[in-house]
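One structure below.
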Ligand SMILES: NC(=O)c1ccc[n+]([C@@H]2O[C@H](COP(=O)([O-])OP(=O)(O)OC[C@H]3O[C@@H](n4cnc5c(N)ncnc54)[C@H](OP(=O)(O)O)[C@@H]3O)[C@@H](O)[C@H]2O)c1
């Protein structure tokens with residue numbers, strides 16, 4: 001049974017031209033050095049309280065592999081001690097108890113496993129998983145952090161969405177770092193499903 005109080009959020013950071021990573025998966029461009037004088041600053045205590053409000057994370061295997069790679073380089077694990085569900089059909093290394101693997105139908109997983117157990121469910125990428133989540137009508141909101149950079153080519157925020165999705169713009173924030181954060185509520189899928197080659 002789906003828990004109507006639960007909320008599924010998709011959050012990623014992207015270049016202004018809509019890419020979440022270079023074609024080869026690199027995210028070196030995430031470090032930018034812009035300054036927007038009248039932008040907001042991020043208060044560390046606000047960030048801490050906000051992260052506490054997230055109950056679990058969901059990600060695709062390629063995003064997990066990037067997270068493992070970051071950890072190996074000493075850059076830490078971004079998901080704290082929150083349960084982190086990794087979608088994969090492969091046998092991947094499990095470096096902490098909070099990580100759980102799942103393979104199978106995403107709608108069943110979200111509605112029968114995650115929604116009854118968690119209030120705030122965060123999908124943190126990548127493009128394949130985010131598109132699947134939206135295509136199936138599972139997401140309630142999208143948080144899109146736009147970085148002040150163009151990278152020309154790469155992995156798109158939503159990989160082959162195949163249909164239009166209408167949104168309601170709920171919040172806009174601009175930060176001193178030049179990052180603009182957009183929060184949209186998902187109104188619904190519409191239009192015919194399209195096929196991409
Ligand atoms: N800029 C950002 O905020 C941001 C955020 C996240 C990721 N990224 C970047 O985006 C890239 C990864 O994105 P991506 O679109 O290529 O891949 P992804 O969405 O992270 O992972 C896709 C893979 O997950 C597995 N999977 C998905 N759904 C599944 C299901 N229902 N059951 C079983 N397995 C399932 C499949 O692989 P297998 O079954 O073969 O394992 C699939 O190929 C990385 O470079 C990462 O660094 C950037």
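List of remarks:
- DSSP beta bridges fully contained in the chain are about 45 percent antiparallel.
- Prolate/oblate/rounded call for the chain, Cα gyration tensor, a/c under 1.5 rounded: rounded
- Calculated FRET value between residue 46 and residue 113, using beta carbons and R₀ = 35 Å, to 0.05: 0.70
- Alpha-carbon centroid distance for the pair region 54-79 / region 86-159, whole angstrom: 12
- Neighbour-count order for 187, 113, fewest beta carbons within 10 angstrom listed first: 187, 113
- Each of 106, 87 was scored by other Cβ atoms within 10 Å of its Cβ. Listed from fewest to most, they are 106, 87.
- For the chain, the mean residue ellipticity at 222 nm estimated from helices alone is -4500 deg cm²/dmol, where every DSSP H run of n ≥ 4 contributes -39500 (n - 2.57) and the total is divided by all residues, rounded to the nearest 500.
- Tensor-based shape of region 26-74 (alpha-carbon gyration tensor, a/c under 1.5 rounded, otherwise prolate or oblate): oblate
Every number in this text was worked out from the coordinates using simple rules, so none of it is lab data. Here the structure is a predicted model, which is why all the values come from computation and not from measurement. Glycine also receives a Cβ, built like all others from the backbone with ideal geometry; neighbour counts cover every protein chain displayed.
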